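The values are calculated or read from the model by the stated rules, or taken from the named source; none is laboratory data. Just so you know, these numbers come straight off a predicted model, no measurement behind them. Every residue, glycine as well, gets a Cβ built from its backbone with ideal geometry; the counts of neighbours run over all protein chains shown.
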Amino acid sequence: MNITWPWSQKRKSDIVWLDLGDLGDLVHPNGPHEQWQDHGLGLLRTILHQNGIETDILSTRAVTSWEQLAKQLPGYKMMLMNVRSYTYPVALKAAQIFKEINPQGMVMAGGMHATVAPDEMEQVREFDKICKGPGEEVIVDLVRDPDSFPRVFLGRGSKSMADWPAIDRELWPKPANWKLRRKFNWPLEPECGWGPPPVATIITSRVCPWQCVFCNEASYIPNMGRKPVDAVIDELNFLDKKYGVGSVVIHDSMFFQNPSWLKEWVEKYPRHANKVWPYWAAGRADTVRQWPDLFEALVRETNWNLISIGFESGSDRILKLLNKECTEEDNYFAIDLLNRIGDEMVAEGKEPPKFWSNIMLGIPGESKEDAFKTMRMLKRMKRVFPSISYYAPYPGSALGFQLIAEGKSMMSKDNYHRFPDDEKVKGVDYSFYRELLAGKYDAEVNSGLPESERRRGYQGLYAEALVKA
Ligand code: B12
Ligand code: SF4
């Protein structure tokens, strides 16, 4: 029997924050990433509570049916939510149910989807207020006096993350099943195979200055200062003292930027953190090539042992098309460097670092040879968790908007979901990619590769790597 914890929670407020995600993700999740907590929700609820505005928390992830959610909604006067494109279908349904039950209640929506697709949300009468952009400087006024805001409005963010309060993690939703609860380490997060539990997810920077056409964060997140190194370390030490930290996931879209910040991190993290916890964080191949010494120092001295790089493709033609501003050569430089550092660390009797290698297949315009080159690049990595997905045309990205406008996107409003093996763009030969990942084209991929690389990635490994992450 599953016990859904929120049912037993006492209602403290007539304002509820609804955490979004697939039904059941906090009851019996498919994988670890579905269980990760939402920093936008955490930050804004912390700000509200610090300003004397109590909110209750409910989660679509903590129920297994819409009826279960509906039973918890009567009487609320306001519902707040952080809507991303991949949670939009859930947000829409929840807003409709809320308004059916509480016709006088208000639904306040913000988040990435509200920022990149406000027109879509404007057409839905159940959304009473739609906030584009950051919400930390407006959330208190919005909740106190919603009528002073137009229906769709521009939010306001802090100048720097130094101004953000540390998230009160106990405001995050709880796992809703006693078995899951035992290994979840709430309010820290569960193990996902990247490092020992409990896992602390943190954010040190919000903006990525690059302009990749499939992502393009800079176009919708206003520039803001990075969280000071001391504040990051203080937060981790605080969490460790209170809950015990096993490893860290740095959720920044781009951790490996601002060399001066990174140098300070190399200097202070090993000396001031309670423990030099291993961590997952993201970089780019071109900047690894630009600052190889800094990269090596971070890996060796700060225990950056899972390096997420958006390699995306092993073909210059496709990298250009994606405006990735990285070349095949940059990618191979980063791969060879980490292979070398890993070999040396093995020789020193240390655990070697690994890549978390983001790869996209099924990019419109990609030829079979381009895809073979990508698979060859993957085989060059000695130690890697491949994270492979079919290109998804998200609104908010330049290429996404273009494909949506051309009618080529198969990601309907009801299905912004990113299941990596869903078919997402018209005209892409997905059966070829399925066969490629199943090993049918191994001969072509392996041609010209040395024996050691041919052997890497046994049949089926890459198909399994098509995970939802
Ligand atoms: C951490 C992260 C994840 C984590 C954890 C997600 C989670 N549980 O929160 C993981 C790794 C699981 C993940 C996965 C995915 N993610 Co992700 N992720 C991020 C990342 C890097 C940071 C999110 C974050 O915490 N930001 C910081 C907080 C403070 O910001 P925020 O949540 O947006 O909230 C602010 C505002 O939006 C606003 N706001 C929010 N809610 C509200 C509500 C009200 C009422 C108001 C007024 C304001 C407001 O105020 C907040 C403070 O400024 C973002 C990129 C980014 N820079 O934001 C991508 C991002 C959100 N992810 C994205 C995507 C596409 C995905 C994936 C689909 C695939 C992928 N590309 O990795 C998967 C899907 C997972 C799934 N469940 O199916 C896209 C979403 C695009 C879109 N149009 O919605 C982003 C923007 C990255 C990108 N540029 O493509 N992701
Ligand atoms: S894909 Fe990575 S490098 Fe490119 S804009 Fe997005 S976060 Fe930045």
Those residues of the stretch 326-361 which are in a helix (DSSP H, G or I) and of a type outside the set (A, V, I, L, M) amount to Glu328, Glu329, Asp330, Asn331, Tyr332, Phe333, Asp336, Asn339, Arg340, Gly342, Asp343, Glu344
Residue identified as at positive phi, in contact (Cβ under 8 Å) with a residue 24 or more places away in the chain and in the same structural domain as Leu142 (by TED's automatic domain parsing) among Gly42, Gly105, Gly111
Gly111
Is there a residue in the stretch 308-316 that is assigned to a helix (DSSP H, G or I) and away from ligand 1 (no atom under 16 Å from the Cβ)?
yes
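Rundown of residues vs (1) under 30 Å from Gly246 (Cα atoms); (2) within 16 Å of ligand 2 (Cβ to nearest atom), yes/no style:
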{"residue": "Trp277", "(1), (2)": "yes, no"}
{"residue": "Leu298", "(1), (2)": "yes, no"}
{"residue": "Asn305", "(1), (2)": "yes, no"}
{"residue": "Ile309", "(1), (2)": "yes, yes"}
{"residue": "Asp316", "(1), (2)": "no, no"}
{"residue": "Lys320", "(1), (2)": "no, yes"}
{"residue": "Ile335", "(1), (2)": "yes, no"}
{"residue": "Glu351", "(1), (2)": "yes, no"}
{"residue": "Phe372", "(1), (2)": "no, no"}
Among the residues of the stretch 180-191, are any of a type in the set (S, T, N, Q), within 12 Å of ligand 1 (Cβ to nearest atom) and within 21 Å of the chain's Cα centre (by Cα)?
no
Scanning the stretch 40-93 residue by residue, those within 16 Å of ligand 2 (Cβ to nearest atom) and not basic (Lys, Arg) turn out to be Ser85, Tyr86
Of the residues in the stretch 131-182 that are over 23 Å from Asp252 (Cβ atoms) and assigned to a strand (DSSP E or B), the one that is nearest to ligand 2 (Cβ to nearest atom) is Leu154
Just to be sure before I move on: is Pro364 touching a residue at least 40 places away in the same chain (Cβ under 8 Å), touching a strand residue (DSSP E or B) at 6+ places or on another chain (Cβ under 8 Å) and assigned to a loop (DSSP other than H, G, I, E, B) in the structure I sent?
yes
In the stretch 222-251, anything part of a loop (DSSP other than H, G, I, E, B) and either under 25 Å from Cys192 (Cβ atoms) or modelled with pLDDT of 95 or more (or both) is listed as Arg226, Lys227, Pro228, Gly244, Val245, Gly246, His251
